[in-house]
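Nothing in this text is a laboratory measurement; each read-out follows from the coordinates by a stated rule. Being a predicted model, the structure only gives us computed values, none of them experimental. Neighbour counts run over all protein chains shown; Cβ positions are idealised from the backbone, glycine included.
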Amino acid sequence: MAEPLRICVVDDEKIVCERLKPILEKGGFSVETYIESALALKRLSETTFDILITDIKMGQPDGIELLRYAKVHSPSIRVIIITGFATAETAREAMKSGAADFIAKPFRLSQLTDLVMQLAQQIRESASSG
Amino acid sequence: MLSWLRRFRKTRKTQSVASLRLKIERFRELLRENNRVLDLIADADEKLGGDFLFDTAFITDLAHDLEDSASRVVRDLNFITENRHLALSSAYDKIRVRVGDLMAARIAVPNAPYILPIESVDCDSADSVGEKMACLGEIGRRLHFRIPPGFIITSQAFKRFSERARLEEKIRLLYARDPGGMPTPSEVESSLGKTISSTRLPEDLRKAIVRAVSVQTKRAGKGVSFAVRSSALGEDGELSFAGLHDSVLAVKPDGVPAAYKEVVASLFNARAISYRRTRGEPLEPAVMAVGCVQMVAATCSGVLYTLDPNAPERDVLVVTATPGLGKIVVEGTASVDRFLVSRVPPHRIVSREIADKETMYEIAPEGGIHLVQVPEARRKTPCVSDDFLAALASAALRIEQYSKSPQDIEWAKDAGAEPVFLQSRPLHVRPEAEHTAVNLRTAVANHPVLLSGHGTVTSRGIAYGQVVLVNGREKLEDIPEGAVLVARFSSPHLAELVSKASAVITDIGSPTGHLATITRELRVPSIMDTGIATQVLAGGVEVTVDAEENTIYQGKVDELLLYQLLRRSSYQDSAEFRLLRRLLRVLAPLHLRNPRDRNFTADNCESYHDVIRFAHEKAVEYLVGGHDLGPETGSAYCRNMNLHFPLDLMVINIGDVSLLPSGGTECEVGQIGSEPLRSLLEGIIAPGAWSSEPTNMDFKSFMSSVTGRSALETAPSGAPPPNLAIFSDRYLNLNLFLGYHYNQVDAYVSDVRNDNYIYFRFMGGMTNIARRSRRAKMISIILEKQDFAVDLLGDFLVARLKKFERPILLERLRMIGCLIGYTRQLDVKMRRDTMIDEGVEDFLNSFYIQSSPT
């Protein structure tokens, strides 16, 4: 059986990490969660994840900074931005910086898992074609 | 006074359509905000189903939005009624302060009596009675298992006592005087312990406790004694204070007040203080409720774990048992019997270890408990029979299923056949490494998928059971324990069956409907609006419902069920879910239901739901009560309807002038430019809907109509208020007084499905309350069958239908028109209960179909 895909979840609201971890693990992924974005940044520098799911409005670094760093360090990483501020501007900024998609709180868990499953499919397809 | 009244009436009579239109504009705003509050509450309630991810910001915004809408409703009401309800502002302010306290994480002690009987509490009472007693009450009240009779001395009583003892001030001083600002736990215990023991109970509180004890003593007879048990707010819930606070056992009736103080003092014992500090919990908001339950005359007692904590994958429950009282098991100071019981019915005994039991605890004749020798004959024999263990296991698994986590349960056996439950709390079990996601995927791959991705998850969770197809007419006893209920409609009638279900699936239904709310409240997984469940799920088939992935598997997927039990914590126990639940407990309950009740006053509004209910009622009462717009009917916006039978109805257009024909004072139904009004009137004038023949009334009904208390006796005296419809192209507000009963319809119908709604209120009648209630019941069944959510209280009914497509709502309005005509004098005929079903049948299957346009 193939190694499970690796997902990093970063949100300073503990409940986001606590709820997403078991749900994504149930979907067959290996999941690490961080409520401190600085620790997540350190971890991103040490290892490679397939998908990063991050809140946008956090302390230093914020979600956009994390996204930019992740894309430089690991260009193939897929990033989903979560935010409570569903404005067109933040969405545009996130997408311009290389986010694969954007989701506004509160959201249905199935919306996020559907999104993750689509990205996982893309990752597996590009791995088999590459 | 009389001259003032005459002046007032005169002022009102000369009110112009222009002034009325202004007020109606504000009334529409009131309705908008009223509906917004209801929608926000419904939306928040839906979030508790677990299918959404939300954070504290969402709850803060919700509290703010509700506050904003409720304040507008209060302002609008006072504008409409010319400041006749200023008291509502004070009630609103009080609620706002309580919400502020909640959001600031201060424990908001509800305004409850000092004493609550245990039969009256459930998990909604946790802020009054503490988690431990709330959970015990829930086991008795919702699951119908035996619990000891008794009462709870509430958090409100604690507040009263702590104010008398000036506890908050003493805690502050204690910390301020300590050089390091952090006295040792022993210092806190000693200082506050002294304060509590030297403070006399306030007289009103002491009397309330003595009265409650006396009620119990009268019921139980002489010789009764009590277990006085801690139930701190948060205990057994968010924080596990297991064993940190004291319980006093076998307390004689006259010792209860002193035992109460002893248990309250244990809130500040050194162990509890240390525990709070390690968990970062401040001391000040600590609040203690105290349970006072009758001691069980236990022949044996024990503890049960619904899973083996050391080997959770084994499908067994662990039961320990000892003769007499259970203290030995809890203390672990002597040998006890130990059984492993299969979790699968019929719950066979997998293994048994029978100990040589030398000593046991008994109730001492002088009060308290003492150790005695176990009689020789009982020492080496099992404490309990296999049949009793099977009954205990079955009940414990039901509690586990209800609580959505493995449970640690204290039980006792007395002379009765069924166990008595003393306490139940979550059992902490570490998930085993091998239960990984990969295993789950392999496990589910072996089971055929019966349904996937259809409809909406309305209450998250995983469950297993046998499919039972239902239509809402079944009685609770017809439903086997743990059934997966599958129904065509999300009828509110199913609500009473949910307590026995392991899951609920429907073809049609909304996440904000009554049934969805009940499944969330009872934590029963549910999926609604699947469209096809009743076609693909056959009765009797065993299924596993994964209401997380929205998938139903054939058979029992053990791995999924174990995964659900072993999750470290349920999302329902997270801080955000607890806060949202608490917020809804303050904001959502409706206490003011019946406008005829003398408690229906602004001062008695305890929730925002009450505020909007009160405002709506009073605004309508004012707007429809006593307008004389006769001279205005010639205006471009006002007409009398010509319905071709004796019903006066004035219509006022608040929309575009083109919605009414120009000229004249009368108007035909076909000339009305408003779809909702036209549809409703088409129903009223449908062939046969409006029989103008007088109904024969027997003498009893006649006398009742003359002397009985009619629903509308509180209506303004004098001439009845005019029948009035206020409308625009998409909006309708109709108030119809038909002799002795009152119909109100408020509807908005557009192409935007989410904005659409119908509210229908009905009350009163000319006969006695039994017949009026039968008619209201009949109407409620008809409406529920037509997808309405209905609240019924005697002959007062409120029905709501929301977020349906425009053509459906217009048809429902036509149906309501028919129903208004059909049921107009029906209460006179409702002599027997069987006529309710006959009426439903006749209306839906015969009358309504025949009256429909072909």
Summed side-chain charge close to B:Val215 - residues other than B:Val215 whose Cβ falls under 14 Å, Lys, Arg +1, Asp, Glu -1: +3
Unit Cα scatterers, Debye sum, chain A: log10 I(q)/I(0) for q = 0.18, 0.21 Å⁻¹: -0.95, -1.34
Student exercise, segment B:437-566 dipole from Lys, Arg, Asp, Glu Cβ charges, in Debye to nearest 20: 120
Ordering of B:556-565, B:612-621 by packing [mean C-beta count within 10 Å, highest first]: B:612-621, B:556-565
Relative contact order (percent, whole number), segment B:300-413, Cα cutoff 8 Å, 6+ residue spacing: 31
Number of partner chain Cβ atoms within 10 Å, mean per residue of B:63-71: 0
FRET efficiency for B:Asp254 and A:Lys14, using Cβ-Cβ distance with R0 set to 41 Å, rounded to 0.05: 0.25
Added length on full extension, which subtracts the Cα-Cα distance from 0.36 nm per residue, B:Ser385 to B:Lys194: 64.0 nm
Fully extended contour minus Cα-Cα distance, from B:Ser750 to B:Glu668, at 0.36 nm per residue: 27.2 nm
Rounded, prolate or oblate (a/c below 1.5 giving rounded, otherwise prolate when a/b exceeds b/c) for segment B:78-136 by Cα gyration tensor: prolate
Per residue Cα convex hull volume in Å³ - calculated over segment B:113-271: 113
Cα Rg over Rh - the protein assembly as shown, Kirkwood: 1.00
Reduced Cα scattering model of segment B:484-555, Debye log10 I(q)/I(0), q = 0.27 Å⁻¹: -1.42
B:Ala415/B:Glu366 FRET efficiency (R0 30 Å; Cβ-Cβ; nearest 0.05): 0.80
Label-point gap, in nm, between B:Asn446 and B:Thr56 - each point 7 angstrom along Cα→Cβ: 4.5
3J(HN,Hα) from dihedral phi, segment B:62-67, Karplus parametrisation 6.51/-1.76/1.60, rounded to Hz, x for glycine, proline: 4, 4, 5, 5, 5, 4
Virtual spin-label span in nm between B:Ser351 and B:Leu643, 7 Å along Cα→Cβ: 7.8
For A:Leu5, distant residues with modelled amide H under 5 Å away: A:Ser30
Additional length obtainable on full extension of the chain from B:Asp124 to B:Arg164, 0.36 nm per residue less Cα span: 11.6 nm
Dimensionless Rg ratio for segment B:437-566, taking C-alpha atoms and the 2.2 N^0.38 Å reference: 0.95
Euclidean distance of C-alpha centroids, segment A:24-62 and segment B:103-147, integer Å: 40
Dipole of segment B:437-566, positive direction: furthest Cα of B:Leu537, B:Leu561, B:Gly472, with charges on the beta-carbon: B:Gly472
Cβ-based charge dipole, the protein assembly as shown, positive-most Cα from A:Leu20, A:Leu115, B:Gly137: B:Gly137
Assigned charges on the beta-carbon of Lys, Arg, Asp, Glu; the protein assembly as shown dipole about Cα centre (debye): 2600
Positive-end residue of B:Ile24, B:Ala70, B:Ala42, charge dipole of segment B:24-75 with Cβ unit charges: B:Ile24
Inter-chain shielding of B:331-344 (mean C-beta neighbours from other protein chains, 10 Å cut-off): 0
Cα gyration tensor, segment B:784-854 - rounded (a/c under 1.5), prolate or oblate: oblate
Segment B:143-212: relative contact order in percent, alpha carbon pairs under 8 Å with at least 6 residues between: 43
Rounded FRET efficiency, nearest 0.05, which uses the C-beta distance separating A:Glu3 from A:Glu65 and R0 of 41 Å: 0.90
Tensor-based shape of segment A:1-52 (alpha-carbon gyration tensor, a/c under 1.5 rounded, otherwise prolate or oblate): oblate
10 Å Cβ neighbours from other chains, averaged over peptide A:106-114: 5
Top of A:Glu89, A:Glu13, A:Glu25 by mean-square fluctuation, Gaussian network on chain A, Cα under 10 Å: A:Glu89
Distance between modelled label sites at B:Ile808 and B:Gln535, nm, 7 Å Cα→Cβ extension: 1.7
Mean projection area, nm², convex hull over Cα of chain B: 41.5
Total charge dipole magnitude, chain B, about the Cα centre, Cβ charges on Lys, Arg, Asp, Glu only, Debye to nearest 20: 2500
